[in-house]
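First comes the structure, then the notes that go with it.
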Amino acid sequence: MPKEPCAIATATETAYQRCVSPACGATYGIDEVRVACQACCGLLDVLYDWDRVRPPDSWSFFEQKWSRRQDPLCFSGVWRFHELLPFAPKEKVITIGEGQTLLHSSLGVAKYVGMQPGGLYLQYEGMNPSGSFKDNGMSAAFTHARTIGAKRAACASTGNTSASLAVYCAVTGLMKAVIFVGSGKIAYGKLSQALDYGALTVQIAGDFDDAMARVQEVSKQLGIYLVNSVNPFRLEGQKTIMYRVLEALRWQPPDWIVVPGGNLGNSSAFGKAFSELRDIGLIDRIPRLAVINAAGANTLYELHERRGLRWNDGAPDDSISEQYFSELDAGGRRASTIASAIEINRPVNLAKCLRALAVCDGVVREVSDQEMLDAKAQVGAGGLGCEPASAASVAGAKLLRAQGIIAPSDRVVCILTGHQLKDPTATVAYHTTDQQQFNEVLGKRGVRRASFANRAVAVSNDLDEIVKAIQLYS
Ligand code: F0G
């Protein structure tokens, strides 16, 4: 029998926030609202005194919760693992049924990537209530916001964070959502969600990097709770994506986790999840991590792979990133990719992601819009479609396989971060027969072909013609 873990109600004494920089290490209470260290402006972690929290010593503890799934905290794919993110008492937890997601073994995508059959899995986070992985983190940040009595919550977003925040506000009625989006920079599916769910939608004449800078200023000035992934509680929720991957693999870590990189919250959360699981003895091996940038928004790739920026035991050489950002500014270079979700040049979680890459012996790659859209079409052909940014994981796995870094016999999990319906414009343009539409949406981004297009067949409104067309094409 697994030993009985201690009550989470004592969590406020056993959880705290701490600056990620070991040289600083300033700590803050769990009830403080901060998105940066007061002493050195570094990012913050939520940490636990595991000796006192006494997490379960066996995964079967979590498996047993499924038999009690009429309890919303056992049903949620986030809060089923509450003992691994014990920062709030049960009665404060907010859940709207997030995290009921699927690890799907895809034969078609395995073949496309160059893996042996059964070696490629897709972690389909599009099944979340708002259609993206963000709900994992939002339920955690929202829970924290509730514990401190927030009445308004804000974020800057390329669309999915805002859709997620808007859903949590609308379903619970606990807070008002204020969202900042770059004008014209957000896919229609996501914008439609924010509007429909009643969020105050502020369209900034700028891109995500501008919106991110403004929302931090505004939330500070107006005392609005910020739910972007600089909020360390968000990342606590996103750790659970990895718990569910492990669960689906019968608690055997895969060889690789491959994830798109934008603001670098997921990759940071995954690294934290694995190092904590190892520290508390629930796993004995950490998978390797591959973070995949869009080539048009490739800050992490540039810094990590080309300029050698490393975590360096908590003392990364900041002059490397400062130099790079000043080059971006001097050249007026903005992020640009069809994968609008990851069209980000100044990832706020850079330091944490470097730490995750160190913990997970990670690599970073960049993929073109062409590679992402082809990979996306392959994912869609297998039925569990995704948005363009999500397909960066599959395109990245293919590249790493071609480079011989991933072996054909490895077990690889690609994270599909967002639902297929998020960005219909990109999908329809890929499959279209209308060259002008293709050029307008994709051609201008360097996409030249649609090798896996499924083109609609145009026929006149005539029974014989329709029958002929069906006979010909089916
Ligand atoms: N995939 C999708 C579908 C996303 O929406 C995002 C981020 C990412 C990948 C990148 O994840 O930031 O953890 O590296 N979207 C944010 C937003 C920025 O505002 O919705 P990350």
Self-check item: Within the range 182-215, considering residues that are assigned to a helix (DSSP H, G or I) and closer than 18 Å to VAL230 by Cβ, the one nearest to the ligand (Cβ to nearest atom)
Solution: PHE208
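Here is a yes/no grid of residues against (1) without any contact (Cβ under 8 Å) to a residue 24 or more places away in the chain; (2) not β-branched (Val, Ile, Thr):
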{"position": "ASP135", "(1), (2)": "no, yes"}
{"position": "THR143", "(1), (2)": "no, no"}
{"position": "ILE148", "(1), (2)": "no, no"}
{"position": "LEU165", "(1), (2)": "no, yes"}
{"position": "TYR168", "(1), (2)": "no, yes"}
{"position": "PHE180", "(1), (2)": "no, yes"}
{"position": "SER192", "(1), (2)": "yes, yes"}
{"position": "LEU195", "(1), (2)": "yes, yes"}
Quiz item: If you take the residues of the range 34-53 that are assigned to a loop (DSSP other than H, G, I, E, B) and touching a helix residue (DSSP H, G or I) at 6+ places or on another chain (Cβ under 8 Å), which of them is farthest from GLU217 (Cα to Cα)?
Solution: ASP49
Self-check item: Scan of the range 85-125 for residues that are assigned to a strand (DSSP E or B), surrounded by 20 or more Cβ atoms within 10 Å (Cβ to Cβ) and under 18 Å from the mean Cα position of the chain (by Cα), ordered by number
Solution: TYR121, LEU122, GLN123, TYR124
Practice problem: Keeping to the range 219-245, report how many residues are touching a residue at least 60 places away in the same chain (Cβ under 8 Å) and in a helix (DSSP H, G or I). | Solution: 15
Quiz item: Which residue pairs have Cβ atoms under 7 Å apart, sit 6 or more places apart or on different chains, and have a first residue in the range 457-468 that is modelled with pLDDT of 95 or more and a second that is surrounded by 10 or more Cβ atoms within 10 Å (Cβ to Cβ) and not in a helix (DSSP H, G or I)?
Solution: GLU465/VAL459; ILE466/VAL459
Practice problem: Tell me which residues, restricted to the range 279-288, are closer than 13 Å to ASP361 by Cβ and surrounded by fewer than 24 Cβ atoms within 10 Å (Cβ to Cβ). | Solution: ARG285, ILE286, ARG288
Self-check item: Residues located in the range 137-181, provided they are within 13 Å of the ligand (Cβ to nearest atom) and surrounded by fewer than 23 Cβ atoms within 10 Å (Cβ to Cβ)
Solution: none
Quiz prompt | GLY404 vs. criteria at pLDDT 95 or above, farther than 18 Å from ILE342 by Cβ and more than 19 Å from the chain's Cα centre (by Cα) | solution = yes
Exercise. Report the residue count in the range 240-266 for those that are within 12 Å of the ligand (Cβ to nearest atom) and either surrounded by fewer than 24 Cβ atoms within 10 Å (Cβ to Cβ) or over 17 Å from ASP410 (Cβ atoms) (or both).
Key: 8
Practice problem: Answer yes or no: is there a residue in the range 450-473 that is of a type in the set (Val, Ile, Thr), surrounded by 14 or more Cβ atoms within 10 Å (Cβ to Cβ) and assigned to a helix (DSSP H, G or I). | Solution: no
Quiz item: Do we find a residue being touching a residue at least 12 places away in the same chain (Cβ under 8 Å), part of a loop (DSSP other than H, G, I, E, B) and out of contact with any strand residue (DSSP E or B) (no Cβ under 8 Å at 6 or more places or on another chain) anywhere in the range 393-406?
Solution: no
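The values are calculated or read from the model by the stated rules, or taken from the named source; none is laboratory data. Here the structure is a predicted model, which is why all the values come from computation and not from measurement. No Cβ is skipped: glycine too gets one built from the backbone with ideal geometry, and neighbour counts run over all protein chains shown.
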